[in-house]
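Step one of this worksheet: look at the structure below.
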Amino acid sequence: MLAWSLLDSSSHSFFFTVLTLPIPMHISALLPFALAAVVAAHPFLKELKAQVITKCSLPNTAALTFDDGPYIYMRNVSDALTKEGVKGTFFLNGNNYRCIYGEEPAKDIKYVYDQGHQIASHTWAHAHLNNLTRERLNEEFQRVELAFQRITGATPAFMRPPYGEYNNTVLEVAGERGQNVVTWDFDSRDSVGATAEESNRLYDELAKAHPATVLALNHDVYKDTAHTVVPYAIAVLKKAGYKLVTVAECVGQKPYQKVDKPSPRDKSWAC
Ligand SMILES: *[C@@H]1O[C@H](CO)[C@@H](O)[C@H](O)[C@H]1NC(C)=O
Ligand SMILES: *[C@@H]1O[C@H](CO)[C@@H](O)[C@H](O)[C@H]1NC(C)=O
Ligand SMILES: *[C@@H]1O[C@H](CO)[C@@H](O)[C@H](O)[C@H]1NC(C)=O
Ligand SMILES: [Zn+2]
């Protein structure tokens, strides 16, 4: 618990306050771990890599995640989640199926965000990040952060690398930019050609196996996923007793590094 609360701290003065406080014995045992967590949360302290989240950590949570939007079915997925009183996480690209700055995509992202779903980065152009120089990597991150800040006011604290591919350089850049790296432990296989029926069966098997937590990969760019699989997955996981929450909630962290006001559209909103 200490580690989590320190991770949530975003003020540097808190860092020093912690160091000078008298520390009870049982907490002092945790200190090296806690300090590592504090250092990891501070981009100014380099050489520290992003946390890689491969699973949800709060028991009985399931996080439905959706990659590759914005696209025309994103609102449908958002509505399907909202209708059932649950939350999901959207890993968005800047320029993949749609340009993030288009009139509809930008409105749709604000809509999803306002419904309380988590928006997170899937980087700008869905590149294989392991092929990029540090400079190009930073650009892939930065352009999505800027777009989110303009459209919603929020700066993301979570990202998923395209194809789940990352090396140590990716982890360093993500860490420096204040973002956790998220993979998954269940794949609906929609992006590799599974039919809606096949994806639904995979969700059935998952519910039957009943792992302690679920971190599920889906793509809201497919009509079948949006209109058939998502309502089915929500029902099956709810019936199995899972609480359907965002990725941030399922690991007990904050979804955004900071939240400001969105900006008015201007000519710089272009891909
Ligand atoms: C999906 O969302 C669009 C708006 O983005 C709406 O026009 C359409 O009716 C929705 N489809 C379904 C099946 O809900
Ligand atoms: C990650 O991949 C990039 C591009 O191939 C490479 O330049 C970099 O050295 C790699 N980093 C590590 C730590 O392997
Ligand atoms: C980048 O890396 C992937 C695998 O990591 C590879 O398949 C691809 O061909 C590489 N090149 C480019 C230009 O994306
Ligand atoms: Zn993707």
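The values are calculated or read from the model by the stated rules, or taken from the named source; none is laboratory data. Note that this is a predicted model, so its numbers are computed, not measured. FYI the Cβ positions are ideal-geometry reconstructions off the backbone, even for glycines, and counts take in every protein chain you see.
Inspect all residues belonging to the stretch 176-187 and state whether any of them is more than 12 Å from ligand 4 (Cβ to nearest atom), over 17 Å from the mean Cα position of the chain (by Cα) and surrounded by fewer than 20 Cβ atoms within 10 Å (Cβ to Cβ).
No, the stretch 176-187 contains no residue that is more than 12 Å from ligand 4 (Cβ to nearest atom), over 17 Å from the mean Cα position of the chain (by Cα) and surrounded by fewer than 20 Cβ atoms within 10 Å (Cβ to Cβ).
Answer yes or no: is there a residue in the stretch 188-196 that is touching a Ser or Thr at 6+ places or on another chain (Cβ under 6 Å), assigned to a loop (DSSP other than H, G, I, E, B) and on the phi < 0 side of the Ramachandran plot.
Yes, that holds for at least one residue.
Could you check the stretch 103-118 and list, in sequence order, the residues that are touching a residue at least 40 places away in the same chain (Cβ under 8 Å) and not aromatic (Phe, Trp, Tyr)?
Hits for the stretch 103-118 are ALA106, ILE109, LYS110, HIS117, GLN118.
Take the conditions surrounded by 15 or more Cβ atoms within 10 Å (Cβ to Cβ), in contact with an Asp or Glu (Cβ under 6 Å, 6 or more places away or on another chain) and either under 30 Å from THR133 (Cβ atoms) or touching a residue at least 12 places away in the same chain (Cβ under 8 Å) (or both) and apply them to ALA207. Does it pass?
Answer is no for this residue.
Identify, by number, the condition in (1) of a type in the set (A, V, I, L, M); (2) within 15 Å of ligand 4 (Cβ to nearest atom); (3) within 26 Å of ASP79 (Cβ to Cβ) that LEU129 doesn't meet.
Tallying (1) of a type in the set (A, V, I, L, M); (2) within 15 Å of ligand 4 (Cβ to nearest atom); (3) within 26 Å of ASP79 (Cβ to Cβ), LEU129 fails exactly one: (3).
Counting only residues that are surrounded by 20 or more Cβ atoms within 10 Å (Cβ to Cβ) and not β-branched (Val, Ile, Thr), how many does the stretch 233-252 have?
6
Of everything in the stretch 240-260, what is more than 14 Å from GLY178 (Cα to Cα) and under 15 Å from the mean Cα position of the chain (by Cα)? Give them in sequence order.
Matches in the stretch 240-260: LEU244, VAL245, THR246, VAL247, GLU249, CYS250, VAL251, GLY252.
Return the only residue of SER263, SER268 being free of Cβ contacts under 8 Å to residues at least 40 places away in the same chain, outside any helix (DSSP H, G or I) and closer than 25 Å to ILE151 by Cα.
The unique qualifying residue is SER268.
Of all residues being of a type in the set (Asp, Glu) and under 19 Å from the mean Cα position of the chain (by Cα) in the stretch 75-111, which is nearest to CYS271 (Cα to Cα)? Just the residue, please.
Result: ASP108.
Go over the candidates LEU171, LEU146 one by one and state the one that is within 16 Å of ligand 2 (Cβ to nearest atom), modelled with pLDDT of 95 or more and assigned to a helix (DSSP H, G or I).
Exactly one residue qualifies, and that residue is LEU171.
Quick one: count up the residues across the stretch 53-95 that are in contact (Cβ under 8 Å) with a residue 40 or more places away in the chain and away from ligand 1 (no atom under 13 Å from the Cβ).
27
Regarding ALA120, is this residue modelled with pLDDT of 95 or more and in a strand (DSSP E or B)?
yes
Considering only residues that are of a type outside the set (Gly, Ala, Ser) and either in contact with a Phe, Trp or Tyr (Cβ under 9 Å, 6 or more places away or on another chain) or within 16 Å of ligand 1 (Cβ to nearest atom) (or both), which ones fall in the stretch 116-131?
So the first thing to find is which residues in the stretch 116-131 are of a type outside the set (Gly, Ala, Ser), and the list is 117-119, 122-124, 126, 128-131.
Those that are of a type outside the set (Gly, Ala, Ser) and either in contact with a Phe, Trp or Tyr (Cβ under 9 Å, 6 or more places away or on another chain) or within 16 Å of ligand 1 (Cβ to nearest atom) (or both): HIS117, GLN118, ILE119, HIS122, THR123, TRP124, HIS126, HIS128, LEU129, ASN130.
So, in the stretch 149-168, of the ones that are part of a helix (DSSP H, G or I) and away from ligand 2 (no atom under 13 Å from the Cβ), which residue ends up surrounded by the most Cβ atoms within 10 Å (Cβ to Cβ)?
Checking each candidate, the answer is ILE151.
List every residue pair whose Cβ atoms lie under 8 Å apart, where the two residues are 6 or more positions apart in sequence or sit on different chains, the first residue falls within the stretch 242-256 and is at positive phi, and the second residue, located anywhere, is assigned to a helix (DSSP H, G or I).
Close Cβ pairs (under 8 Å, with a partner that is assigned to a helix (DSSP H, G or I)) amount to GLY252/TRP4.
Check off (1) surrounded by fewer than 22 Cβ atoms within 10 Å (Cβ to Cβ); (2) over 29 Å from LEU244 (Cα atoms); (3) out of contact with any Cys (no Cβ under 8 Å at 6 or more places or on another chain) for LEU129 and give me the number that stays unchecked.
Among (1) surrounded by fewer than 22 Cβ atoms within 10 Å (Cβ to Cβ); (2) over 29 Å from LEU244 (Cα atoms); (3) out of contact with any Cys (no Cβ under 8 Å at 6 or more places or on another chain), the lone unmet condition for LEU129 is (1).
Assess whether ARG136 counts as being at pLDDT 95 or above, more than 16 Å from ligand 2 (Cβ to nearest atom) and of a type in the set (Lys, Arg).
So ARG136 fails the test.
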